[in-house]
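The values are calculated or read from the model by the stated rules, or taken from the named source; none is laboratory data. Just so it is clear, the model here is predicted, and its values are computed rather than measured. Positions of Cβ are backbone-derived with ideal geometry, glycine not excepted, and every protein chain shown enters the neighbour counts. The area values use the complete protein model at the heavy-atom level, side chains included, leaving out ligands, DNA and RNA. Shrake-Rupley method; radii C 1.70, N 1.55, O 1.52, S 1.80 Å.
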Amino acid sequence: LASGNVYPGDMRFLYSGSTAYVVCYLYIEDYVYGVLPYEMDNSFPLEALKAQAVTARTYGIRAKTSSGVYDVTDTTNHQVFRGVNTSKARCIQAVDETWGIVLKYNGSYAGTYYSASNGGQTEASNHVWGGSAIGYLKIYDDPYDLANKSSVTKSYLIYASPDMGTSISAYSLFKNALAAKLGGSADGYTINQVVSVTAHTPMYAAPSRLYTKLQAELIYNGGSRATVDVSIFPTVESALGLSINGSNNELYTVTQEAKGFRVTARRYGHGVGMSQRGAEQMGNSGFSYAQILGFYYPGTERVRMNLTTSWPSAGPTPPPVED
């Protein structure tokens with residue numbers, strides 16, 4: 001529980017089997033009040049917060065069932081919920097201005113998945129969770145996430161030659177690859193120059209850029225030349241300290257700099273659906289929440305539900321004005 005926050009619902013303490021549960025039953029709008037500030041910060045642009053309010057509301061309603069002890073947890077396993085903090089004024093406003101609005105696809109509630117950052121490309125839902133492909137949760141480039149300087153990245157500079165700088169981990173990686181390809185011990189190889197570095201072989205069909213191999217063209221032992229391929233997951237990622245997720249789904253790019261080749265990993269989360277950093281960038285660039293939702297969930301439609309509650313709401317919910 002978040003200190004000082006209000007939990008405007010009915011609390012039940014119950015056992016199911018041998019497990020004790022504390023379950024809060026509350027109105028969906030009050031639920032979204034308590035999700036928004038903890039899934040997307042109150043400082044985010046209003047239109048991004050409105051987009052997040054719609055995704056959170058849709059996610060919650062879609063998860064509602066007639067059986068089971070509860071519908072969703074209050075953690076990142078579903079959506080973070082820490083009660084209502086009325087000082088989060090921008091978040092309260094975002095919920096109020098999208099009151100009752102959900103996303104639907106072919107008449108059903110859309111799967112409004114989201115993550116912190118997709119690294120510049122969304123991921124297909126069936127690649128992450130299996131099942132059939134979903135039309136509005138597919139792979140396409142996201143220039144907004146890529147442009148947001150707050151999107152999580154990790155990088156490593158591989159110096160083109162030892163006299164330009166020290167890249168002990170990368171050079172060790174390449175010597176091991178030479179030994180595996182040509183024989184002998186890694187200690188028997190000396191890297192004189194890294195001629196090129198390229199990420200290649202996507203895990204999935206085009207347009208996926210989830211590359212699985214790093215290729216390096218090397219000059220070694222005073223003049224011999226060879227090309228080696230190293231698996232990004234987990235070899236490169238572990239050796240160069242570039243892991244962001246535990247799911248081996250980072251997007252890797254290589255850019256040439258004056259002293260060598262910078263290997264950069266991007267993506268924080270599963271990458272399916274809306275990128276919160278991408279939504280932030282779109283909001284700061286003047287896009288409306290409807291445009292943000294349209295970009296991340298193409299083909300869905302916004303529908304206002306007639307939602308009611310039997311207890312007072314945590315805050316005012318005037319009818320929203322459609323853009």
**residue 181 vs. criteria modelled with pLDDT of 95 or more, closer than 25 Å to residue 281 by Cβ and surrounded by fewer than 20 Cβ atoms within 10 Å (Cβ to Cβ)** = no
**Request:** State yes or no: is residue 18 at negative phi, open to solvent by 10 Å² or more (accessible area, probe 1.4 Å) and at pLDDT 95 or above?
**Result:** no
**Message:** Give me the residue from the range 210-258 that is within 22 Å of residue 270 (Cα to Cα) and free of Cβ contacts under 8 Å to residues at least 12 places away in the same chain and, out of that set, farthest from the chain's Cα centre (by Cα).
**Reply:** 238
**Prompt:** What residue, of 86, 65, is surrounded by fewer than 24 Cβ atoms within 10 Å (Cβ to Cβ), of a type in the set (Val, Ile, Thr), touching a residue at least 60 places away in the same chain (Cβ under 8 Å) and closer than 30 Å to residue 13 by Cα?
**Reply:** 86
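To keep it simple, each residue is scored yes or no on (1) surrounded by fewer than 20 Cβ atoms within 10 Å (Cβ to Cβ); (2) over 30 Å from residue 194 (Cβ atoms); (3) in contact (Cβ under 8 Å) with a residue 24 or more places away in the chain.
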position	(1), (2), (3)
118	no, no, yes
123	no, yes, yes
130	yes, yes, no
135	yes, yes, yes
142	no, yes, yes
147	yes, no, yes
152	yes, no, yes
158	no, no, yes
**So residue 41, is it over 25 Å from residue 305 (Cα atoms), out of contact with any His (no Cβ under 7 Å at 6 or more places or on another chain) and modelled with pLDDT under 95** = yes
**All positions within the range 97-110 that are of a type outside the set (Phe, Trp, Tyr) and either free of Cβ contacts under 8 Å to residues at least 60 places away in the same chain or buried (at least 20 other Cβ atoms within 10 Å of the Cβ) (or both)** = 97, 98, 101, 102, 103, 106, 107, 108, 110
**Prompt:** Conditions: (1) farther than 30 Å from residue 37 by Cα; (2) surrounded by 16 or more Cβ atoms within 10 Å (Cβ to Cβ). Residue 223 meets all but one. Number of the miss?
**Reply:** (2)
**Prompt:** If we only count helices (runs of 4 or more DSSP H) wholly inside the range 1-98, which ones have 3 or more residues that are closer than 27 Å to residue 294 by Cβ and out of contact with any Leu (no Cβ under 9 Å at 6 or more places or on another chain)?
**Reply:** 28-39, 46-63
**Asked** Yes or no: residue 170 surrounded by 15 or more Cβ atoms within 10 Å (Cβ to Cβ) and in a helix (DSSP H, G or I)?
**Response** yes
